[in-house]
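Heads up: the structure comes next, in structure tokens.
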Amino acid sequence: MAKAYINGTGCISPQDSINSQWFFDPVTPPSGDYYNAKEPSYKEFIAPNLLRRMGRAIKMGVAGANLALQQAGATKVDAIITGTGLGCFEDSERFLLAMLNNNEQFLTPTSFIQSTHNTVGSQIALIMKCHDYNFTYVHRGFSFESTLQDALMLFSEGKESVLVGGIEEHTPNFVELNRRAHKFKTYDPAIPFWKSTTPGIQMSEGAAFFVLGKHKTERSMATIEGVQTLYKPKSSDVILKKLSAFLDSHGLSLAQIDVCLMGFSSDVNFDVHLKELLPEIEKETVAAHFKHLSGEYHTASAFALWTATKLIEKQELPEVLAISDRKPSQIRHVLIINQYLGINYSFTLVSKC
Amino acid sequence: MSQRIYITGLGVISAIGNNVPETLASLTQSKTGIGKIHHLTTRYKDEFLAGEIKLSNEQLADLVNDHNPDLNRNSYIAMLAAKEAVQNSGIDTADGLRTGVISSTTVAGMGKTELYYKELFEKDDHLSVLDTHDCGDSTERIADFLGNVDYVTTISTACSSAANAIMLGCRMIKNGLLDRAVVGGVDALSKFTFNGFNTLMILDKEWSKPFDENRKGLNLGEAAAFLVIEGEEALKKRNGKALAEIVGYANTNDAYHQTASSPEGYGAQMAIEQALQMSGLKPGDIDYINMHGTGTPNNDLSEGTATRAVFGDKVPRFSSTKAFTGHTLAAAAAIEAVISVLSIQNDMIFPNLNFTTPIAGLDLVPETSLVKTPVNTVLSNSFGFGGNCSSLIFKKVSA
């Protein structure tokens, strides 16, 4: 399989990641048991006539895509691939509630039209006039990983540049309902995620886009060497075995990984396997984490990829991400091990160009 | 990289049958599944028609033999169709080869969410719909139902979704990531989609008339359809039997409008041309086109124009089978892939029901009754909101 050069990134998250100079300092603490994305001034990215009708997921997605394209100096791509677990939830909910409240009468189509999961990808295609390959993945914690896997295949099949992104939004109602279902807990900086003994996550949202190229350019920041997903692995041993095989297929061992970014969510039930893995990882390399900054959502792994790119670019592991006091002497290879709900696991290998 | 991809199993449940044999019987008898609404709760029950699966949720639960309250209609029908496809193919997911489940859906768990959403704010009884609302839910249910699945993902590109699931399965096998895959799509009817299409004013209150000058819109349907596809190496290993080969596919974007297709059908034309190019077939080699043919004024004109642009005055025999099943959204391309394979297997072209008058200026006349003729190659089109255009080409396996 081909590898992909990361030539541009755009990341909207609860942090200041939209500022390309931001390097995990300062860090914004979460607002209780959930995070809101820090949204940019959209006027800089989206024409006012379009902006008026767009839901937040679409705005975040289009702005994230624009940032990535600007950074890559690209005006066209050969493919647009988006990933989202819940899609344009705000528009879906708006249409749903209007329908329920008005007994199926007096409805207008705008929010229905924008409720389809592929709205972000198709809006980007419309704006870029991109008639080429357009895909939207909607599989829980694999939504973003699937976009990367697809992009790597497209490079093997002859495409030269691909825009990929992960997008998630929440609404006040959705936050409230998930809180009622006891899915959240308030963030406590005194308890490290990997030591948590209670269930609950901090629900979050965001959009991270990447312009990927088959060839290295002067703007290339890192490469994606490979991606693998694991569905419901039975134990941490299974994950470790699969991980060894994955690294082996890229000619690497765990000892050659400089930083391992782990997707601890602070939910004791979801983090079981990762907790068991942590000592194995720390035997060979430096472990770090990211969801205390991004919060948890289906495509949080897109924030992790953005983070990995930053670490390689700056050749430094900021303290806020570290799990122990150990520092990597250099950062050539970053491995992301993510998990979502303890069901969807993935490995993403990111390397220095 | 150039491994050939074969279809080895079919599974389907829709308004025209709960399995493949029933579906074939309805198709050969010109028996539509579209009628009065029985299962969907909507104020428009007596005003519109729909292509409903003729089983209640309770009956579906009996069929999958699982009364887990977290299962919804989408999951039930997806599990049934996927299981039929696997049984039909004869694959054993526990044999050590890598099996993927690649599904697609647009409505996902909305059919259940809409029943309880308002009460969720006050009562705890149905909060679990939050866990089954998303698109990945039914896919993981299929994977767990089949067992020993190595890979899962889900696609949602509106009404072209399942074509893209089929395409992704082919590509993953060719790229060496999987040996075989269960690919397809599912969409149960929901009040949400029904009202959505109603606000767009593209629902016909009578039977839809694809490619007719006087077509007024589509009838919604519900379905799940899955195909087992295998790389030639995996197929050889188990000495399995191929039903048809997938020789071409393409995905393009019309990039014209969020919901409407461009009048000239630019995206559609590109998808057809690129799929042909990949297959190595010439336009004249296609024996039958299973059209997207929703029956909306916009789609059929756009698709018809694209068809003329590619095939000129030698348009192959064609029909839209949506007047049988209704438009089943994410499942449409999968059910039409199943119908395309049935067409190849039985050397039959199934009729385009309710057609009388060709669209002015296009003069395209579909088959209106069952045609028995050799069918070696079928082109199947699927287009969706967001400009997503996908075409697939199926070919008879030479003896």
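Note on segment B:271-305: among residues that are within 14 Å of chain A (Cβ to nearest Cβ) and under 12 Å from B:PHE383 (Cα atoms), the one that is surrounded by the most Cβ atoms within 10 Å (Cβ to Cβ) is B:ALA271.
Under 29 Å from B:PRO358 (Cα atoms) and either within 21 Å of the chain's Cα centre (by Cα) or in a helix (DSSP H, G or I) (or both): is that true of B:LYS236 in this structure? Before the answer, list the steps.
Values: under 29 Å from B:PRO358 (Cα atoms): no; either within 21 Å of the chain's Cα centre (by Cα) or in a helix (DSSP H, G or I) (or both): yes.
In short, no.
B:LEU227 meets the conditions (1) within 14 Å of another protein chain (Cβ to nearest Cβ); (2) assigned to a strand (DSSP E or B) in every case but one. The failed one is (1). One residue is enough: does segment B:325-343 have a residue meeting the conditions outside any helix (DSSP H, G or I), among the aliphatic types (A, V, I, L, M), farther than 16 Å from B:HIS292 by Cα and at pLDDT 95 or above? No. The set of residues from segment B:98-113 being more than 16 Å from the chain's Cα centre (by Cα) and outside any loop (DSSP other than H, G, I, E, B) comprises B:THR99, B:GLY100, B:MET110, B:GLY111, B:LYS112, B:THR113.
Every test in (1) under 20 Å from A:SER204 (Cα atoms); (2) surrounded by 15 or more Cβ atoms within 10 Å (Cβ to Cβ) is passed by A:ALA72 save one, and that test is (1).
Scanning segment A:1-36 for residues that are closer than 28 Å to A:THR110 by Cα and either in a strand (DSSP E or B) or at pLDDT below 95 (or both) returns A:GLY10, A:CYS11, A:ILE12.
Taking segment A:121-161, which residues are of a type in the set (Ser, Thr, Tyr), within 7 Å of chain B (Cβ to nearest Cβ) and outside any helix (DSSP H, G or I)? Working first, answer last.
As a first pass, look at segment A:121-161 and keep what is of a type in the set (Ser, Thr, Tyr): A:122, A:133, A:136-137, A:143, A:146-147, A:156, A:161.
Subsequent filtering for residues that are within 7 Å of chain B (Cβ to nearest Cβ) retains A:122, A:133, A:136-137, A:146, A:156.
A:TYR133, A:THR136, A:TYR137, listed by residue number.
Give segment A:53-90 a look and list any residue that's more than 14 Å from chain B (Cβ to nearest Cβ) and assigned to a loop (DSSP other than H, G, I, E, B), or say none. Matches in segment A:53-90: A:GLY73, A:ALA74, A:THR75.
The condition (being more than 8 Å from chain A (Cβ to nearest Cβ) and under 28 Å from B:VAL64 (Cα atoms)) is satisfied by just one residue among B:ASP204, B:ASP212, B:ASP150, B:ASP179: B:ASP179.
Matching residues to (1) touching a Cys at 6+ places or on another chain (Cβ under 9 Å); (2) assigned by TED's automatic domain parsing to the domain that holds B:ASN175:
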| residue | (1), (2) |
| --- | --- |
| B:ALA234 | no, yes |
| B:SER262 | no, no |
| B:MET270 | yes, no |
| B:GLN274 | no, no |
| B:THR294 | yes, no |
| B:LEU301 | no, no |
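Once segment A:1-39 is narrowed to residues that are touching a strand residue (DSSP E or B) at 6+ places or on another chain (Cβ under 8 Å) and of a type in the set (Asp, Glu), the residue that is nearest to A:ASN178 (Cα to Cα) is A:ASP33.
For segment A:189-234, enumerate the residues that are in a loop (DSSP other than H, G, I, E, B), closer than 26 Å to A:ILE331 by Cα and touching a residue at least 12 places away in the same chain (Cβ under 8 Å). Don't jump to the end; show me each part of the working.
First, the residues of segment A:189-234 that are in a loop (DSSP other than H, G, I, E, B): A:189-192, A:196-200, A:202, A:204-205, A:214-221, A:232-234.
With closer than 26 Å to A:ILE331 by Cα added as a condition, the list becomes A:192, A:214-221.
Selection gives A:PRO192, A:LYS214, A:HIS215, A:LYS216, A:THR217, A:ARG219, A:SER220, A:MET221.
Of all residues in segment A:289-320, exactly one satisfies the criterion of being within 26 Å of A:HIS170 (Cβ to Cβ) and more than 16 Å from the chain's Cα centre (by Cα), namely A:VAL320.
Restricting to segment A:243-277, count the residues that are β-branched (Val, Ile, Thr) and either surrounded by fewer than 21 Cβ atoms within 10 Å (Cβ to Cβ) or assigned to a helix (DSSP H, G or I) (or both). Within segment A:243-277, residues that are β-branched (Val, Ile, Thr) and either surrounded by fewer than 21 Cβ atoms within 10 Å (Cβ to Cβ) or assigned to a helix (DSSP H, G or I) (or both) number 2.
Considering A:GLU93, A:GLU39, the condition of being assigned to a loop (DSSP other than H, G, I, E, B), closer than 30 Å to B:ASP131 by Cα, of a type in the set (D, E, K, R) and in the same structural domain as A:THR147 (by TED's automatic domain parsing) is satisfied by A:GLU39 alone. Selection of segment B:116-151 for residues being small (Gly, Ala, Ser) and on the phi < 0 side of the Ramachandran plot yields B:SER128, B:GLY136, B:SER138, B:ALA143. Any idea which of (1) at the interface with chain B (Cβ under 7 Å from one of its Cβ atoms); (2) at pLDDT 95 or above; (3) over 13 Å from B:GLY386 (Cα atoms) is the one A:ASN118 doesn't satisfy? So the condition that A:ASN118 fails would be (3). Report yes if some residue within segment A:302-315 is free of Cβ contacts under 8 Å to residues at least 24 places away in the same chain and outside any helix (DSSP H, G or I); otherwise report no. Yes, some residue in segment A:302-315 is free of Cβ contacts under 8 Å to residues at least 24 places away in the same chain and outside any helix (DSSP H, G or I).
Here B:ASN354 clears all of (1) buried (at least 24 other Cβ atoms within 10 Å of the Cβ); (2) under 30 Å from B:PHE192 (Cα atoms) except the condition numbered (1).
One residue stands out in segment B:124-146 among those that are within 7 Å of chain A (Cβ to nearest Cβ) and assigned to a helix (DSSP H, G or I): the one that is modelled with the lowest pLDDT, namely B:LEU130.
The values are calculated or read from the model by the stated rules, or taken from the named source; none is laboratory data. Given the structure is predicted, the values throughout are model-derived calculations rather than measurements. A quick note on method: Cβ atoms are made from the backbone with ideal geometry, for glycine too, and the neighbour counts reach across all protein chains shown.
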